[in-house]
Amino acid sequence: MIIAYIIAGGIILFGVCKIVKNKKKVKDIIFRVVPIKYLIGSDIRYIFNVINKIRKLLNLKVLESDKKTTLLAIERNKEMIFENKVSHELAADEIGELLELGADSVGEIIGYKYRTAEACINAWMKSEGHYRQIIKTDYDWCGVSVETDKNGYKYYCVLFGNE
């Protein structure tokens with residue numbers, strides 16, 4: 001398997017190539033286009049989309065993705081990886097920055113060691129505290145981060161804020 005890209009009509013398409021060989025001769029090249037959104041940040045997109053689907057089902061406003069909040073969520077995950085500690089106690093700096101930027105209300109949900117974003121979301125949905133953050137009506141935006149440590153464990157963080 002080879003991950004490759006081609007330019008078609010000025011658009012870059014990413015895909016997976018499989019070369020099928022028969023007696024040392026290339027028999028066929030199969031190229032399956034994979035949309036870029038599924039190659040880059042798919043866990044992040046999944047979490048963001050599911051949170052908004054839940055909110056839509058409950059007739060709550062859809063959250064915007066905020067660049068600064070996303071960068072702070074990335075910082076949170078990197079901090080937890082560096083400290084080797086999963087805790088809301090470490091969030092003081094990032095929450096303080098969001099409040100300085102004008103947020104009236106800030107929230108955080110974190111997860112650790114879930115193999116998939118789906119498993120993490122399912123755990124959050126079963127937790128009353130995490131679920132309350134997801135459906136809190138005050139929020140206008142969020143930032144999502146998924147980072148992997150050197151052992152392959154995933155850290156999940158969503159920071160929420162409002163205007």
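The values are calculated or read from the model by the stated rules, or taken from the named source; none is laboratory data. Note that the coordinates shown come from a computational prediction; the quantities given were computed from them, not determined experimentally. All Cβ positions, glycine included, derive from the backbone under ideal geometry; neighbour counts span all protein chains shown. Keep in mind that these areas ignore ligands, DNA and RNA; they rest on the heavy atoms of the full protein, side chains included. Shrake-Rupley method; radii C 1.70, N 1.55, O 1.52, S 1.80 Å.
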Open item on the list: Exactly one of these conditions fails for G143: (1) without any contact (Cβ under 8 Å) to a residue 40 or more places away in the chain; (2) closer than 21 Å to L58 by Cα; (3) within 17 Å of the chain's Cα centre (by Cα). Give me its number.
Closed with: (1)
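Looking at the stretch 113-123, is at least one residue in contact (Cβ under 8 Å) with a residue 24 or more places away in the chain, surrounded by 11 or more Cβ atoms within 10 Å (Cβ to Cβ), of a type in the set (G, A, S) and not in a helix (DSSP H, G or I)?
First, the residues of the stretch 113-123 that are in contact (Cβ under 8 Å) with a residue 24 or more places away in the chain: 113-118, 120-121.
The next check asks that each one be surrounded by 11 or more Cβ atoms within 10 Å (Cβ to Cβ); those that pass are 113-114, 116-118, 120-121.
Keeping just the survivors that are of a type in the set (G, A, S) gives 117.
Restricting the remaining residues to those that are not in a helix (DSSP H, G or I) gives none.
No.
Could you list, in sequence order, all residues of the stretch 97-112 that are within 15 Å of F160 (Cβ to Cβ) and outside any loop (DSSP other than H, G, I, E, B)? So that I can check it myself, show each step before the final result.
Within the stretch 97-112, the first condition is being within 15 Å of F160 (Cβ to Cβ), and the residues that meet it are 97-99, 101-111.
Of everything in the stretch 97-112, those that are within 15 Å of F160 (Cβ to Cβ) and outside any loop (DSSP other than H, G, I, E, B) turn out to be E97, L98, L99, V106, G107, E108, I109, I110, G111.
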- [ ] Tell me, yes or no, whether the stretch 56-65 has at least one residue that is in a strand (DSSP E or B) and either within 19 Å of the chain's Cα centre (by Cα) or hydrophobic (A, V, I, L, M, F, W, C) (or both).
- [x] yes
- [ ] Would you please name the residue that is surrounded by the fewest Cβ atoms within 10 Å (Cβ to Cβ), looking only at residues in the stretch 130-140 that are touching a residue at least 12 places away in the same chain (Cβ under 8 Å) and of a type outside the set (A, V, I, L, M)?
- [x] T137
Open item on the list: Tell me whether the stretch 71-92 contains one or more residues that are of a type in the set (V, I, T) and open to solvent by less than 20 Å² (accessible area, probe 1.4 Å).
Closed with: no
- [ ] Could you check how many residues of the stretch 150-163 are within 17 Å of the chain's Cα centre (by Cα) and not in a strand (DSSP E or B)?
- [x] 2
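Which one of these is over 22 Å from E163 (Cα atoms), among the acidic types (D, E) and not in a helix (DSSP H, G or I): E147, E89? Working first, answer last.
Details: E89 fails: not in a helix (DSSP H, G or I).
From the options E147, E89, the qualifying one is E147.
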